[in-house]
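For reference, the structure is listed below as structure tokens.
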Amino acid sequence: MEDREFEYITKSEFQNVLNEAVLLYQETYSAYYQDSEEGRILYLSIKKLLNHCNCISIILDGTSFEAVENSNQVDHASAKVLLRSALEIYITLVSLFWFEGKEKLEEKEFRFLVYKYSGLKSRQKLDHENITNYSLREKIRNEKSEIKRLEKMIEYKGLRLGKEQIHIKNIIKKGWQAKPIKSRLEETTLPNHFKMQYSYLCGYSHSGFDSYMQLAIDESSELNKKTSKEIIYFLVSFLLGKLNQALVFNLPEKLEIKTDLTETYRLLKKYYTSGL
């Protein structure tokens, strides 16, 4: 994350946007999160994203090891791991619920089927051989049956939507991962500067050599610690701003919100007009 020509933001500015996001979420969840599986996914996903952003702020306040004196530090690496996860949640929400052409209800239903199918299929890869609990083994068997049912539904709905058979087979084989996360990221309206951070953030979640190169830079005395914190605050705040914008844009027509989003729109306007 290299420094740029425009001003980043402080913790207080970030906190203002986070407060608006939390209040908006609290005010609108009953309209979005109806008693349905899709609604629960939306509810839990946004809650997880907000928790990640809140924890990033706590980490940037500084941590230390209780057993070691003078071990105060700002753990940029852990903050960036959480930021990457928050970004992936936003990408998934856009792809599932807020994609262009969302007026096609069948496409939305198809995507959710693929998303659910992929999750259930992934769980089958866990080591189940040593499970002795009857109810758990029964649950695993039921999920196997559900996977087969979803496969048929994916094929049926995919053909109705005019998708090619080879594309449907690829989806059944790879699930939600048939379209890579980076491709889904490109479909969002996040600015290019933000999109460019994804691969960089992935380095902190893995243990490749590139990860250690990034950690070494973080440890070096050359890094401007204050600027690095403000860059993270900016990226988190901008992501929250886009989340707030999406929630408001997709509100049911009859629902009016009372939450003041002044800080959200001030932030978005500032960085879009600065040539971000």
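Just one of the listed residues (Glu106, Glu143, Glu138, Glu66) is modelled with pLDDT under 95, under 25 Å from Asn250 (Cβ atoms), surrounded by fewer than 19 Cβ atoms within 10 Å (Cβ to Cβ) and not polar (S, T, N, Q), and it is Glu106.
The helices (runs of 4 or more DSSP H) falling completely within segment 180-276 that include 1 or more residues that are in contact with a Gly (Cβ under 7 Å, 6 or more places away or on another chain) and open to solvent by less than 60 Å² (accessible area, probe 1.4 Å) map to 209-219, 262-273. Being acidic (Asp, Glu) and open to solvent by less than 70 Å² (accessible area, probe 1.4 Å) is a description that applies to Asp75.
Selection within segment 251-273: residues that are in contact with a Leu (Cβ under 9 Å, 6 or more places away or on another chain) and of a type in the set (A, V, I, L, M). The member of this set that is farthest from Leu235 (Cα to Cα) is Ile257. In the set Asn72, Asn16, Asn51, which member is under 13 Å from the mean Cα position of the chain (by Cα) and either at pLDDT 95 or above or farther than 28 Å from Lys179 by Cβ (or both)? Selected residue: Asn51, the only one of Asn72, Asn16, Asn51 that is under 13 Å from the mean Cα position of the chain (by Cα) and either at pLDDT 95 or above or farther than 28 Å from Lys179 by Cβ (or both).
Looking across segment 231-268, the residues that are of a type in the set (Lys, Arg) and either under 18 Å from the mean Cα position of the chain (by Cα) or modelled with pLDDT of 90 or more (or both) come down to Lys242, Lys258, Arg266. Exactly one residue out of Gly175, Gly162 is exposed (fewer than 13 other Cβ atoms within 10 Å of the Cβ) and at positive phi, and it is Gly162. Considering only segment 43-61, I want to know if a residue exists there that is charged (D, E, K, R), assigned to a helix (DSSP H, G or I) and surrounded by 15 or more Cβ atoms within 10 Å (Cβ to Cβ). Yes, segment 43-61 contains a residue that is charged (D, E, K, R), assigned to a helix (DSSP H, G or I) and surrounded by 15 or more Cβ atoms within 10 Å (Cβ to Cβ). Could we say that Ser78 is within 19 Å of Tyr198 (Cα to Cα) and among the small types (Gly, Ala, Ser) here? Yes, satisfied. Among the residues making up segment 9-42, a single one is among the aromatic types (Phe, Trp, Tyr), part of a helix (DSSP H, G or I) and without any contact (Cβ under 8 Å) to a residue 40 or more places away in the chain: Tyr29.
The values are calculated or read from the model by the stated rules, or taken from the named source; none is laboratory data. Predicted model only: the values in this text are computed from it and were never measured. Glycine gets a Cβ as well: all are built from the backbone with ideal geometry, and neighbour counts include every protein chain shown. Keep in mind that these areas ignore ligands, DNA and RNA; they rest on the heavy atoms of the full protein, side chains included. Shrake-Rupley method; radii C 1.70, N 1.55, O 1.52, S 1.80 Å.
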